[in-house]
1. Considering only segment 109-117, I want to know if a residue exists there that is of a type outside the set (Asp, Glu) and not in a loop (DSSP other than H, G, I, E, B).
2. Taking segment 126-149 as the region of interest, how many residues are touching a residue at least 40 places away in the same chain (Cβ under 8 Å) and not in a loop (DSSP other than H, G, I, E, B)?
3. Taking Glu171 as meeting all but one of (1) surrounded by fewer than 19 Cβ atoms within 10 Å (Cβ to Cβ); (2) without any contact (Cβ under 8 Å) to a residue 40 or more places away in the chain; (3) over 14 Å from Leu16 (Cα atoms), write down the number of the exception.
4. If you take just the helices (runs of 4 or more DSSP H) that sit entirely in segment 14-78, which of them hold at least 3 residues that are in contact with a helix residue (DSSP H, G or I) (Cβ under 9 Å, 6 or more places away or on another chain) and within 22 Å of Asn180 (Cβ to Cβ)?
5. Filter segment 264-306 down to the residues that are in contact with a strand residue (DSSP E or B) (Cβ under 7 Å, 6 or more places away or on another chain), open to solvent by less than 30 Å² (accessible area, probe 1.4 Å) and in a loop (DSSP other than H, G, I, E, B), then identify the one that is farthest from Ala232 (Cα to Cα).
6. Kindly indicate whether any position in segment 312-324 is in contact (Cβ under 8 Å) with a residue 12 or more places away in the chain, out of contact with any strand residue (DSSP E or B) (no Cβ under 7 Å at 6 or more places or on another chain) and within 24 Å of Tyr87 (Cα to Cα).
7. Go through segment 56-99 and give me each residue that's farther than 30 Å from Pro332 by Cβ, under 21 Å from the mean Cα position of the chain (by Cα) and either of a type in the set (Val, Ile, Thr) or surrounded by fewer than 18 Cβ atoms within 10 Å (Cβ to Cβ) (or both).
Amino acid sequence: MEKIENSDFKHIGTKLLNWYKQNARDLPFRQTKDPYKIWICEIVFQQTRINQGLNHYNNFIKRFPDVKTLANAEEDEVLLYWKGLGYYSRAINIHKAAQQIMNDYQGTFPSDYDEILKLKGVGKYTAAAVSSICFNGKMPAVDGNFYRVLSRIFADDFDSSNSRAFNYFSELATLVLPENVGDFNQAMMDLGSEICKPRNPFCGECPLNEDCLAFSLNKISEFPVKTKTVKAEHLGLKYYFVHRNGQFLIQQRKDDFIWKKLFEFPHEISEELMPFIKSAKTVNHKLTHKNLSIEIFNVEVDSEIVWTDFIAENQYLITDFEGSHEKSFPKPLETYIQNYHTAYKIL
């Protein structure tokens, strides 16, 4: 489709704002213009639904109420308060970004879009959201909601999987952009989440249905166009759950692969521990673009000498069920620990 040149579409943005004033979701971060809190909420809800992440957001803000508190915290504690949200590299990045703000901006959150963009882990969407909501910035916070809503309004078949999609839809957004960009960005988020959904959208309730070309053509399901999909990589992992008398061994992952800085079980054991393998199970787990097949061996060591020798030869940490609550584990391993504890109590 040729790029639309007619700029007489501002009434669409005005309609959306009027709808938002009446229908905006009552969310805790909507009651503030504090850029720190808006930043945290944008990062939390990038990969997490509002209803799933709200308690996590509230708990995180309660423990780390400002940039200084977050910057001064230990990384392991930040990861612990991120527990349950997944995509743990986000937690590592916001911790580093908080330290950036303390070191490079004297503890004051930067107000300029380009400066916000310099923070660790902050992309164009987040920078636009924070600058528009908190500092009256004028950049549209373009994400999947924008792609979907705009492609349907204009029946625009530009491929959303194209590397130029962000810039294309950013330009398209300027056609409907009102003066209050901060509220407009939040309105687009609400519209995309609640009304203009990927599947089975509520077109009858949409405030923009009179202006939506795809709706008038009965072609809503054809937009947005996406021709490329990322093929999931299959990955096999092996763990040994080495335990004795309610205690088990763990180690911390590095930050160069999945599950950065989370805790896990040993990847291998010595020949001396092989006879203590009682069972094995395979757990399947999906990550973004990765399908994991995780084999976990249950190694119950009933020899104190073998146990102490193995620990002495390696750098593993010893913990128990209660102690594991103070660590962040990948979800499949956390579930395994919970199941082990349940079985151990029965025994």
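The values are calculated or read from the model by the stated rules, or taken from the named source; none is laboratory data. Since we're looking at a predicted model, the values are computed, not measured. Ideal geometry is used to build each Cβ from the backbone, glycine not excepted, and the neighbour counts take in all protein chains shown. For accessibility, only protein heavy atoms count, side chains too; no ligands or nucleic acids. Shrake-Rupley method; radii C 1.70, N 1.55, O 1.52, S 1.80 Å.
1. Yes; the residues of segment 109-117 include at least one that is of a type outside the set (Asp, Glu) and not in a loop (DSSP other than H, G, I, E, B).
2. Residues flagged as touching a residue at least 40 places away in the same chain (Cβ under 8 Å) and not in a loop (DSSP other than H, G, I, E, B) within segment 126-149 amount to 14.
3. Status for Glu171: all satisfied but (2).
4. By residue number, 35-44.
5. The selected residue is Val301.
6. yes
7. Of everything in segment 56-99, those that are farther than 30 Å from Pro332 by Cβ, under 21 Å from the mean Cα position of the chain (by Cα) and either of a type in the set (Val, Ile, Thr) or surrounded by fewer than 18 Cβ atoms within 10 Å (Cβ to Cβ) (or both) turn out to be Pro65, Asp66, Val67, Gln99.
Condition check ((1) in contact with a Ser or Thr (Cβ under 9 Å, 6 or more places away or on another chain); (2) acidic (Asp, Glu)) across all residues:
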site	(1), (2)
Ser279	no, no
Val306	yes, no
Ala312	no, no
Phe321	no, no
Glu326	yes, yes
Ile337	yes, no
